[in-house]
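Since every read-out is calculated from the coordinates, none of them should be taken as a lab result. Just so you know, these numbers come straight off a predicted model, no measurement behind them. Ideal geometry is used to build each Cβ from the backbone, glycine not excepted, and the neighbour counts take in all protein chains shown.
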C-alpha cells in the first residue's frame, strides 16, 4: 500500500477545515400521531476558527446527527468577524434580541471567560480568552446567541476605538 492512499484515508497532512464546533442546545419534540409519538430534533451549534471568525446555525431533522449536521453547515455559511485583541474584546458592548440583553466587558489577561453556556461557547469558538458577561431577561439559548451576535455587529475594532479616544493602539492596549 502506498503512502499517498494512506494519507488520504487519514484526512491528509492537515485537516480540511480547522473549525471548532460546539453544540449549544439539542431539543427533542414529540408529535402524537395515529401510530404513536413522532420525534424530531433541533440543534443549535456555534462554529469558529479561534481567530475571530464565528457563526451560529439552527437545524431541524428527524434524526439527531442530521439536525447537528444541518446546523453546522448553516453556521459555516453565516460566519462573521469577531474583533479580538489580546484575547479580549475591544470595549464594553450591549447586545439585544427580543427579551434578552447580553452585557459584555473586556477583562484583564488571566481572568478567563466569565459567562454562561451559550456565551461561553461563542467566545471559545471565536478565540476570546478573557471576557466578562451577563445575560438579563429571557434565558432562551437561541435568543442569547442572537443577542451576542447583535453585540458583535455593534462592536468596533481596536483601531477605531483608539482613534475615537484620540490615543494610539499602544496607549490603549499597552
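Largest mean-square fluctuation among 126, 35, 137, in a Gaussian network model of the chain whose springs join Cα atoms under 10 Å apart, belongs to 35. Judged by the mean number of other Cβ atoms found within 10 Å, the most tightly packed of the peptides 20-31, 89-100 leads the ranking 89-100, 20-31. Dividing the mean sequence gap of close Cα pairs (under 8 Å, 6+ apart) by how many residues the chain holds gives a relative contact order of 18 percent. For the chain, give me the percentage of DSSP beta bridges that are antiparallel, rounded to the nearest 5 percent. Percentage antiparallel, nearest 5: 95. Largest GNM mean-square fluctuation across 161, 46, 54, computed for the chain with C-alpha springs under 10 Å, falls on 161. Reducing the range 109-174 and the range 79-94 to their Cα centroids gives an inter-centroid distance of 5 Å. For the range 82-173, the fraction of alpha-carbon pairs lying more than 23 Å apart is 21 percent, rounded to a whole number.
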